[in-house]
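Undergrad: The structure is given below, and queries will be raised subsequently.
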Amino acid sequence: MKRTAVLGATAILTSALMVSAAIADEGKAVRYTVDGAEYEGYYISPAKDAPLVLMIHDWDGLTDYEVKRAQMLADKGYAVFAADLFGAGVRPEKVEDRRKLTGELYQNRDKMRSLMQGAITQAKQIGGNTSDAVAMGYCFGGAAVLELARSGTDMKGFVSFHGGLDTPQGQDYSKTKGNVLVFHGAADTAVTMEDFVSLNKSLESAGIENEMIVYSGAPHAFTVFGSDRYREDADKKSWQRFLEYLSEQK
């Protein structure tokens, strides 16, 4: 029964990515392997050597949401590799499954880092300009991007949209090589303003250039189209600032 569900999820995602590929030039699903396991990302590039954005998904895995965001960036001249941190065909729909998958990675930070490094390697292999790259992520993906920043990965910047902001015990930003941009909702009850302030102190203590923006009345996941948490004003303002930020990194 479980195998049937996984195969069905794979078929749905593959179908969605095929449709997306037809909409956007050169957009395609990409199968790749990290530590012997299969993953399925999404890659789109409007031109050779376009600046690269590494995108990390929310806790429901790589879905049409990330594909849509990738296409929006491609329309602005950026190549995007949307990584997969859960595994090919693993796109959890139940909250308990999402908690389990993200919880396993939060408990195994080495694996989380390895999966992101594997995605960067794959992006480079298929033509992504990893020497001119920024990493960004949503919710769980935002937390993962900050983990990538703390790992010392050489990127121009690290961007979190309503992501987890806490720093694991024993970690800091002393190895961070790029700047950090954080978008946060003032009404977020999952990630508090205390977390926001604590991160700012950590970044300042490490001497990391940062910009941290708070949107009044915006709850957790305020950029997710169609959800009851979506806030159009905060979404549009954060997206515009993100585009400006990307142009500043060139």
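The values are calculated or read from the model by the stated rules, or taken from the named source; none is laboratory data. All of these numbers come straight from a predicted model, not from anything done at the bench. Counting neighbours? That spans all protein chains shown, and the Cβs are built from the backbone with ideal geometry, glycine included. For the accessible areas, the whole protein counts, side chains as well, though only heavy atoms, and no ligand, DNA or RNA atoms are used. Shrake-Rupley method; radii C 1.70, N 1.55, O 1.52, S 1.80 Å.
Undergrad: Ordered by packing density, taken as the mean number of other Cβ atoms within 10 Å over each peptide's residues, highest first, how do 230-237, 160-167 rank?
TA: So the peptides 230-237, 160-167, ranked by packing, come out 160-167, 230-237.
Undergrad: By average Cβ neighbour count within 10 Å, what is the ranking of 196-204, 149-157 from highest down?
TA: The peptides rank, most packed first, as 149-157, 196-204.
Undergrad: How high is the relative contact order of the chain, in percent, with contacts defined as C-alpha pairs under 8 Å that are six or more residues apart?
TA: Relative contact order comes out at 14 percent.
Undergrad: With only alpha-carbon atoms counted, please give the Rg and Dmax of the chain, in Å.
TA: Reported Rg and Dmax, both Å: 16.9, 52.
Undergrad: In the range 50-94, what percent of the accessible surface is made up of carbon and sulfur (1.4 Å probe, ligands and nucleic acids excluded)?
TA: Carbon and sulfur together cover 47 percent of it.
Undergrad: Right, another one. Compute the distance in nm between two label points, each set 7 Å from the Cα along the Cα-to-Cβ direction, one at residue 216 and one at residue 108.
TA: 4.5
Undergrad: In what sequence, highest mean first, do 115-126, 28-39 appear when ranked by Cβ atoms within 10 angstrom?
TA: Top to bottom by mean Cβ count within 10 Å: 115-126, 28-39.
Undergrad: State the answer as a single residue: which of 207, 171, 118 lies farthest towards the positive end of the charge dipole of the chain, with beta carbon charges of +1 for Lys and Arg and -1 for Asp and Glu, about the Cα centre.
TA: With unit charges placed on the Cβ atoms, the residue in question is 118.
Undergrad: Let me ask something additional. I'd like the antiparallel share, as a percent to the nearest 5, of DSSP beta bridges with both residues in the chain.
TA: Looking only at bridges with both residues in the chain, the antiparallel portion is about 30 percent.
Undergrad: Hey, rough spin-label estimate for residue 76 and residue 96, points 7 angstrom out along Cα→Cβ, what's it come to in nanometres?
TA: 4.0
Undergrad: Given a 1.4 Å probe and every protein chain left where it sits, what share in percent of the accessible area of the range 185-250 is carbon and sulfur?
TA: Of all accessible area on the range 185-250, carbon and sulfur atoms account for 47 percent.
Undergrad: If the limit is 32 Å between Cα atoms, which of 48/100; 94/201; 68/100; 100/250 go over it?
TA: 48/100; 94/201; 100/250
Undergrad: Report, in deg cm²/dmol and to the nearest 500, the calculated mean residue ellipticity at 222 nm for the chain, where each DSSP H run with n ≥ 4 adds -39500 (n - 2.57) and the sum is divided by the residue count.
TA: -13500 deg cm²/dmol
Undergrad: Note down the magnitude of the dipole of the range 153-242 about its Cα centre, charges +1 on Lys and Arg C-beta and -1 on Asp and Glu C-beta and zero elsewhere, to the nearest 20 debye.
TA: The dipole of the range 153-242 has a size of about 240 debye.
Undergrad: Can you give the charge dipole size of the chain about its Cα centre, rounded to the nearest 20 debye, using +1 on the beta carbon of Lys and Arg and -1 on the beta carbon of Asp and Glu?
TA: So the magnitude is around 400 debye.
Undergrad: Now for a different question. Hey, got the dipole for the range 82-125? About the Cα centre, +1 on K and R Cβ, -1 on D and E Cβ, debye to the nearest 20?
TA: 100
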